[in-house]
Structures are given as C-alpha cells and as structure tokens.
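See below for the structure under consideration.
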Amino acid sequence: MLFLHFSVAYSQTIKTDVVVIGGTPSGVAAAIQCARSKVKTVLVQQERVFIQNADTVKNLSIDNNTKFVSIKKDDDRWGVVISVNGKTEMLKPRVVVDATENGTVVKAAGLKYTELDVVQTVAQAKEYRTSIATGDVGVGLDALAANNYPPLPGYIVPIKALIVKGADNLLFIGDLLPGANKLGDQLALGQGAGVTAAYCAFFKTTTANLNVRAIQVELLDFKGYLLPFTDISGDPYWRSIQQVCATGMLKGKQKSIDGKPQFLFMPDSIVTTAEIKPVMEETYTRAFLWFNREKPGKEFTVGNLLSFISELTLTDPDNLQRMIEKAWTEQYKFKSAFDLERPITRREFAILANKYLNPFARTVDLDGRIVN
C-alpha cells in the first residue's frame, strides 16, 4: 500500500546532485556554475527568464513553468516536490539552493535566514578570507545606513552567509545582497553559491565540512573575484594579488577618486613591515624568529622578502637571489630595477609571496581563522 501511494503521489522520482529553485539572475548563475563544475543540476523556475545559452550547458536540466511544492530532508539527500503541468515530481538532490526572492524554500523547510547583516564589508573581521562573491554598493546605500553599515564602495559575501542554519546542504542567496544591487553583483553571488553547492555534491560532503580554500580556488579558476579591487583589472597576475590579499597579508585601501568611492590595491605603493608582520607571524611558525633576528625597517625591502623566503623554504640565499634576479624582468616583467636595498612594492610582494610562500594554501575555517 505504501508503494502504491508513492507511485500515485509522484509521477517520477529524479536523483540529481543539485537543485536550484528560482529563476532569478543569481539562481540561473548558480545553476550554470554547478553544471560547469561537473555536477548534475536541475534549475526549477516558474517562468523562463534570464536563460539565454543556459539550455546548452552540459549537466544542466531546466524545468520551466514549474512550481515548488515542498521540501523535506531524506537521509543524506533532500526530497523536493515540484508540480510540472499538473503532475507532481520528486527531486532527490544532495544540495538545494534557494534562489527565490523571499526565501520560499527555506521557510517551507521550517528554517530561517538572515538578510543584510550577513554581508560583510571588506573592512570587517577576518571573514573576508572566506569571500565567495564581491559587489559594488554604489546603489542601495540607504539600506546600508539603516542597518548601521558605513557607505563603502565594495563588499564581500563570506561563505557562511549562504549556509542556512539548522540543516546541511541548504544554501540561500535570494535576499543576501544589500540595497538595489546590480545585475553583475547578483551573478557573482550566484557563481559563488554554485561553486559551494558543487563542492558538497562532488565530494559527497556537507556544508558543515566545507574546504574554504578549495572552493575559492575553483571560483578563481572560473575568473571569479574574492575581493572587489578596481585597479587590477587586466593585470596578468590578478590571481596572485587576489590570493595574497585574501589571506590578509596585504589589505586594500578605500579612496575617493573624482568623487567616486573605490576599493584599491595600489600596486605601486610600498609595503610596510607593520602591515605584513602580524599575518606573516600568524601564518608561519618560524616568522616570529625571523622578525626578531632580522629586525626589518619600517619599509620592507626586496632583500627582506628574499631573506624571509630563504628562511621558510630552506633555499640557499645566493641561489635564490640569482634565480629571482634572472626572473625579475624575463618572467615577472617588473619595471623597476632589481635592488635588494629598495623597498618592495605591493605588486612585487604579492607576486613573489604567492609564488614562493603560498600563504593562500593555509587552511582557514568559516570565520577566517587559520587552522594549524
């Protein structure tokens, strides 16, 4: 009798990796990214909107004119009931992404989500280390001010902002962005959610066991941004800069240019010892000894960085110097002369630190704390 009831209730049951519910721009972007990250994905939407080229994406199925009915946890999968042309179907995904504007799916699961307070500006805490989307809040500043947010030019969305508390493998992206957000911001959020959902599905794990750096690496592979810099577009080493800055070793600066707020990397500015020392000591156990012994000056020099690299990698100092001096203009195309006594620029530091120290490889938790 139970079997017959099941057969009558649902015309078919479909197992898949991810189900995205909601044809919003962020929802479509999440579904496309999941499919591109090689997991089977179903996009459920009532109307066919913002869907150009999505039909041809491998691993992506699109259920148009489809109504979401209910959701319930079923062991390691979700049971999502939808109505298609008057017939009910059961979808059995590992991960569900709620891309509805009012959190319809989350509410149907008996759960809650938070809105603006989960979006972190680039100046807050260490959660910037876990960013999976960036945006520009040039619009919607009234909404920010009403929630005690300063009018900053850019923001990041930390990965834990997507995770619905009280359930594994349920992500929400409907109302996360502040104010009247731009289309590009919605697409970036969707892409970040897609990478996160795909990670859980591909590795058959849960949102309680996310590998932040692995997810960010996948996002960078697909040209996503971790920090909203406005002055490194087109830089061939934009990824190195993104990775090093995502550790906090170098931080962006907020400035107003021609009356318009900008979040800048300032590649040609000089690196100071004070800005990099705390994170370097937090990241590398031997850094404390190096700083006490070498006592670098106020401005961190090219020689200081080479000495630190030699200490951490156990590379012979002379061999390291010859190798980097040769690559200075041939490989890295640095415009300044190779001079050990010269203060190093932020761009030079980011490129060399990423190459030889690889701080981005250090594991961080969902709060951005380094896991030793």
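Annotations for the structure displayed:
- Trp290 being out of contact with any Ser or Thr (no Cβ under 7 Å at 6 or more places or on another chain), within 26 Å of Leu220 (Cα to Cα) and part of a helix (DSSP H, G or I): no
- With respect to the conditions (1) among the charged types (D, E, K, R); (2) more than 21 Å from Glu281 (Cα to Cα); (3) assigned to a loop (DSSP other than H, G, I, E, B), Asp367 lacks only one, and its number is (2).
- Residue pairs meeting the criteria (Cβ under 7 Å; at least 6 apart or on separate chains; first not assigned by TED's automatic domain parsing to the domain that holds Val244, in the range 324-350; second surrounded by 15 or more Cβ atoms within 10 Å (Cβ to Cβ) and at pLDDT below 95): none
- Residue within the range 221-229 that is crowded, with 20+ Cβ neighbours inside 10 Å, of a type in the set (Gly, Ala, Ser) and touching a helix residue (DSSP H, G or I) at 6+ places or on another chain (Cβ under 9 Å) present: yes
- Pairs where the first residue, in the range 189-206, is in the same structural domain as Val39 (by TED's automatic domain parsing) and surrounded by fewer than 24 Cβ atoms within 10 Å (Cβ to Cβ) and the second is among the β-branched types (Val, Ile, Thr) and not in a helix (DSSP H, G or I), C-beta under 7 Å, 6+ apart: Cys200/Val95; Cys200/Thr206; Ala201/Val18; Ala201/Val39; Ala201/Val95; Phe202/Val39
- Qualifying positions in the range 313-328 - in a helix (DSSP H, G or I) and over 32 Å from the mean Cα position of the chain (by Cα): Pro317, Asp318, Asn319, Leu320, Gln321, Arg322, Met323, Glu325, Lys326
- Residue within the range 81-96 that is surrounded by 15 or more Cβ atoms within 10 Å (Cβ to Cβ), assigned to a loop (DSSP other than H, G, I, E, B), modelled with pLDDT of 95 or more and in the same structural domain as Gly192 (by TED's automatic domain parsing) present: yes
- Phe263 being at pLDDT 95 or above and either of a type outside the set (Val, Ile, Thr) or not in a loop (DSSP other than H, G, I, E, B) (or both): no
Quick grid of which residues meet (1) in a helix (DSSP H, G or I); (2) within 21 Å of Leu171 (Cβ to Cβ); (3) touching a His at 6+ places or on another chain (Cβ under 6 Å):
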{"site": "Ala198", "(1), (2), (3)": "yes, yes, no"}
{"site": "Gly234", "(1), (2), (3)": "no, no, no"}
{"site": "Ser240", "(1), (2), (3)": "yes, no, no"}
{"site": "Gln254", "(1), (2), (3)": "no, no, no"}
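The values are calculated or read from the model by the stated rules, or taken from the named source; none is laboratory data. Given the structure is predicted, the values throughout are model-derived calculations rather than measurements. Cβ: placed from backbone, ideal geometry, glycine included. Neighbour counts: every protein chain shown.
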